[in-house]
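See below for the structure under consideration.
The values are calculated or read from the model by the stated rules, or taken from the named source; none is laboratory data. Just so it is clear, the structure is predicted and the values come from calculations on it, not from any experiment. Cβ placement follows ideal geometry from the backbone for every residue including glycine, while neighbour counts extend to all protein chains displayed. To get the accessible areas, we keep the full protein, side chains included, count just its heavy atoms, and leave off ligands, DNA and RNA. Shrake-Rupley method; radii C 1.70, N 1.55, O 1.52, S 1.80 Å.
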Amino acid sequence: MQDQRLKIAIQKSGRLSEPSIGLLRKCDIAFDNGAGKLRSTAYDFPLEILFLRDDDIPQYIEDGVADAGIVGQNILAESDCRLEPVEMLGFGRCRLCLAVPRGFEYRTLTDLAGKRIATSYPKILNTFLAKKGVDADIHSISGSVEIAPSIGVADAICDLVSSGSTLLTNGLREAETIMESEAVLAARRGLDGPAKQILSRLLFRIRSVNAARDNKYILLNVPNEKIAEIQKLLPGMKSPTVMPLAIGGWSSIHSVISEHDFWNVVEQLKAAGAEGILVVSIDQMIL
Ligand code: PRT
Ligand code: ZN
């Protein structure tokens, strides 16, 4: 029975914990995640969830303790494990940057030649600098990288940035982006048997949830003579649904629109004569 479950590792506590748990829950996978829990068995899906430090997740997957996991691409790239990135998840977005003190006159990467750069990502940084032909002194430290220049242990840093406020409060500014990162579902290469099948089922649910997240269901009323024009603005999944209203000369149109250009489309719909526009969130979208 134990072997018939997929073991998935997620971050125990940190930036990826809540969105990872939220994603599994949206996939209708129910489990307990009480404080201090290290593992949990889902009630209604063949999944065992392991709660780990994010840095440990790749190695646990490679060693077979877990079959798959949710981690940042930054962690995957820094680890020596060769896992399969199965699906980008769209949360935990950040970028790994080189940053310098505000007073540092930075023009090009060669300005960092011979300088001390503090980072928790020595492997990624080393590969990046080698590719660019810049020789710098990489100081590998495990935390609070952003204070390294102010306490005099480094001339520059290489760290994750999302809003940029940590750099700002530490008197630093971004010099280069080394990589963009987001959370990814990664699995052990060569996964087979029941674990592979369960991973496919999980992936199907994740894709349905994420497609729904990126789309909205829209309902609107239009005068019949405007249907053709409005249909062009609403491609829908196949094509929009058009139904007559109880009053003559009017129809109701239903469709799915992308969240990204949602306000643009709504403005165009209004300008084209649409009325009573309702926009509804979608739970799952099975493509
Ligand atoms: O305990 P554990 O080892 O599991 O957690 P952790 O402390 O190592 O990781 P955590 O929870 O901080 O981050 C987990 C993952 O979230 C990272 O591996 C990234 O993939 C992703 N992520 C997204 C971030 C950030 N955004 C982020 N801003 N990880 C860290 N930061 C830090 C950054 O290091 C810096 O200290 O936030 C600060 C910068 O943030 P801004 O908003 O001020 O720019
Ligand atoms: Zn960590």
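Numbers for the structure displayed
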item	result
Charge dipole of the chain about the Cα centre (unit charges at C-beta), most positive-ward option of S79, A246, G143	A246
Bins of 10 Å, starting at 0 and running to the largest distance - Cα pair percent for segment 163-278	11, 27, 17, 20, 18, 7, 1
Probe 1.4 Å, accessible area per residue of segment 1-153, Å²	51 Å²
Environment charge of N33, counting only residues whose C-beta is closer than 14 Å and scoring Lys/Arg +1, Asp/Glu -1	+1
Scattering profile of segment 148-198 at q = 0.14, 0.24 Å⁻¹ [log10 I(q)/I(0), Debye over alpha-carbon scatterers]	-0.56, -1.00
Protection-proxy order for peptides 107-116, 30-39, 9-18, each taking the mean of Cβ atoms within 10 Å per residue, highest first	9-18, 107-116, 30-39
Viscosity 1.306 mPa s, temperature 10 °C, Stokes-Einstein D of segment 113-235 from Kirkwood C-alpha radius, µm²/s	81 µm²/s
Nitroxide proxy distance, nm - points 7 Å out along Cα→Cβ at N264 and K132	3.2 nm
Listed residues I253, I282 arranged by accessible area, highest first, probe 1.4 Å	I282, I253
Extension gain from I151 to S163, taking 0.36 nm per residue of separation minus the Cα-Cα distance	2.0 nm
Dipole magnitude of segment 14-76 about its Cα centre (Cβ charges: Lys, Arg +1; Asp, Glu -1), debye to nearest 20	240 debye
Long-range Cα-Cα pairs in segment 1-88 (distance over 23 Å), rounded percent	17 percent
Alpha carbon centroid spacing (whole Å) that separates segment 163-242 from segment 10-31	17 Å
Rounded tilt (10° steps) of 122-132 against the dominant C-alpha axis of the chain	90 degrees
Between 0 and 90°, nearest 10: helix 17-26 axis offset from the chain longest Cα axis	30 degrees
